[in-house]
Amino acid sequence: MATDELKALEGQALAHLQQCADEAALREWSTKYLGEKGLWKAAFGKMNSLPKDQKAAFGQEANRVKTVLTEAYEKKRAEVKERELQASLTTNPLDVTLPGRPRPRGRLHPATQILREVYAIFADLGFQVYRTREVETDEMNFEFLNMPAHHPARDMWDTFFTTIPRVVLRTHTSPGQIHVMKEAAGKPIRVILPGMCYRNEAISTRSEIQFYQVEGLVVGEGVTMADLKGTITAFARRMFGPERQVRIRSSYFPFTEPSIEVDIDWPKEDPNRDRLTKGTGWLEIMGAGMVHPNVLRAGGYDPEKVTGFAFGMGPQRMLMLAHAIDDIRLFWQNDLRFLKQF
Ligand code: DAH
């Protein structure tokens, strides 16, 4: 009788199932008995060769056996799972009193933090933030800033040229002065111009090919050098501490006349003082000056009627000073060991 064969298979499979003790054994069992090429399928295949009057009974029996095996398998699998869970709870118990693992929290990049600090200080002094483009014409980056073609002062900036003639990556934020003046069209101006600048330098601990600058520009009737000194001093004391002394040295920039460089005295308590200031006690923090008449004219202002002052500083350099960071390359390397400290 063909159905006897099915009964034998059922008995064998159930006995075998009792011996399966883990997931792997169960998987094997399932393949062996219920799989595509398994024993149940093989037994079922014999139905074709049965005489017609036996087929129906055989089919019913085959389906019953399949249901019995499937149910037994599911039941066994649930048991094994439960047993494995219990085992893992007792051999490797949970300590619910352990403190939770903190989720890593994102934060602002140190360069962004220092920029925001600078914005906040100048906001209190009545300056608006004005952003201009990073790709500039030669005219904006140099010519309107009182450096016609072949002017030797252009050598102060190692320039990245694009493949389009007379289009460069800005080497400083100063061309923003021209953009602001053109937009303000004769009205008084008090803005800072933050942004990325690019220079064709060999990358080293001291120079990068890209870095932030913050430019400042004030234009109006009766703006004087005294206003420049007052603004810079107020800024330096907010940024570096209320005791800071500010020193002004004469300097040269094509776009200002007179031009100055601004130093602050570095705190005597700082053990890095001598190294940072090369023994002088003073640190340069920015270039500045009274806007050159040619620059005012390029921006559409009449130097007979208005005057202005401008300054330019490197906020990353300030952060480096404040934290004794001695490698500027750390800023764009995205090394978390560095970034996490801010
Ligand atoms: N643009 C100058 C630089 O990149 C910095 C600077 C100096 C800006 C004097 C100014 C200024 O506005 O008056 O080195």
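The values are calculated or read from the model by the stated rules, or taken from the named source; none is laboratory data. Small disclaimer: the values here were computed from a predicted structure and weren't measured. Positions of Cβ are generated from backbone atoms using ideal geometry, with glycine treated the same way; all protein chains shown enter the neighbour counts. Quick note on the areas: whole protein, heavy atoms, side chains included, nothing else; ligands and nucleic acids left out. Shrake-Rupley method; radii C 1.70, N 1.55, O 1.52, S 1.80 Å.
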**Study point:** Where a residue in the range 307-324 is under 16 Å from Glu117 (Cα atoms) and its partner, wherever it lies, is β-branched (Val, Ile, Thr) and away from the ligand (no atom under 13 Å from the Cβ), with Cβ under 6 Å and at least six apart
**Key:** Pro315/Ile114; Pro315/Val118; Leu319/Ile114
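So, in the range 224-241, of the ones that are away from the ligand (no atom under 13 Å from the Cβ) and open to solvent by less than 20 Å² (accessible area, probe 1.4 Å), which residue ends up farthest from Arg116 (Cα to Cα)? Walk me through how you get there before you give the answer.
First, pick out the residues of the range 224-241 that are away from the ligand (no atom under 13 Å from the Cβ): 224, 226-227, 229-230, 233-241.
So of that shortlist, the ones also open to solvent by less than 20 Å² (accessible area, probe 1.4 Å) come out as 235-236, 241.
Working: Phe235: 13, Ala236: 15, Gly241: 17 Å.
Ranking the candidates gives Gly241 first.
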Point to revise | Where a residue in the range 142-162 is touching a residue at least 60 places away in the same chain (Cβ under 8 Å) and its partner, wherever it lies, is among the small types (Gly, Ala, Ser), with Cβ under 7 Å and at least six apart | key: Phe144/Ala298; Leu145/Ser174; Met147/Ala153
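So if I check each of Arg244, Arg273, which one is more than 16 Å from the ligand (Cβ to nearest atom) and closer than 21 Å to Leu125 by Cβ?
On the way: Arg273 fails: closer than 21 Å to Leu125 by Cβ.
After applying the criteria, what remains is Arg244.
Being open to solvent by less than 30 Å² (accessible area, probe 1.4 Å) and β-branched (Val, Ile, Thr) is the filter here, so list the residues in the range 306-317 that pass it. Steps first, answer last, please.
First pass over the range 306-317, keeping only residues open to solvent by less than 30 Å² (accessible area, probe 1.4 Å): 306, 308-316.
Matches in the range 306-317: Val306 only.
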Exercise for review: May I ask you to list the residues in the range 261-270 that are within 14 Å of the ligand (Cβ to nearest atom) and either touching a helix residue (DSSP H, G or I) at 6+ places or on another chain (Cβ under 8 Å) or part of a loop (DSSP other than H, G, I, E, B) (or both)?
Suggested key: Val262
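Quick one: is Phe161 open to solvent by 50 Å² or more (accessible area, probe 1.4 Å) and of a type in the set (Phe, Trp, Tyr)? Steps first, please.
Working: open to solvent by 50 Å² or more (accessible area, probe 1.4 Å): yes; of a type in the set (Phe, Trp, Tyr): yes.
So Phe161 fits the description; yes.
Can Val118 be described as crowded, with 17+ Cβ neighbours inside 10 Å and β-branched (Val, Ile, Thr)?
Numbers: crowded, with 17+ Cβ neighbours inside 10 Å: yes; β-branched (Val, Ile, Thr): yes.
The answer is yes for Val118.
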Exercise for review: Test each condition in (1) touching a helix residue (DSSP H, G or I) at 6+ places or on another chain (Cβ under 8 Å); (2) more than 19 Å from Glu136 (Cβ to Cβ) for Glu215 and report the one that comes out false.
Suggested key: (2)
Exercise for review: Kindly provide the set of residues from the range 190-203 that are more than 13 Å from the ligand (Cβ to nearest atom) and either free of Cβ contacts under 8 Å to residues at least 12 places away in the same chain or over 24 Å from Thr162 (Cα atoms) (or both), ordered by number.
Suggested key: Arg190, Ala202
Check your understanding: Out of curiosity, is Arg166 in the same structural domain as Pro303 (by TED's automatic domain parsing), touching a residue at least 24 places away in the same chain (Cβ under 8 Å) and away from the ligand (no atom under 13 Å from the Cβ)?
Key -> yes
Review point. Cβ-Cβ below 7 Å, separation at least six or inter-chain, first residue in the range 207-221 and more than 13 Å from the ligand (Cβ to nearest atom), second polar (S, T, N, Q) and in a loop (DSSP other than H, G, I, E, B): which pairs?
Key: Ile209/Asn200
Check your understanding: For the range 42-62, which residues satisfy the criterion of being without any contact (Cβ under 8 Å) to a residue 40 or more places away in the chain and open to solvent by 90 Å² or more (accessible area, probe 1.4 Å)?
Key -> Asn48, Ser49, Lys52, Asp53, Gln60
Exercise for review: Identify the single condition in (1) at pLDDT 95 or above; (2) of a type in the set (Asp, Glu); (3) surrounded by 16 or more Cβ atoms within 10 Å (Cβ to Cβ) that Glu221 does not satisfy, given that it satisfies every other one.
Suggested key: (3)
Exercise for review: Please find, among Lys46, Lys81, the residue that is of a type outside the set (Ser, Thr, Tyr) and modelled with pLDDT of 90 or more.
Suggested key: Lys81
Review point. Within the range 285-305, can you find the residues that are open to solvent by 20 Å² or more (accessible area, probe 1.4 Å), more than 15 Å from the ligand (Cβ to nearest atom) and assigned to a loop (DSSP other than H, G, I, E, B)?
Key: Gly300, Asp302, Pro303, Glu304, Lys305
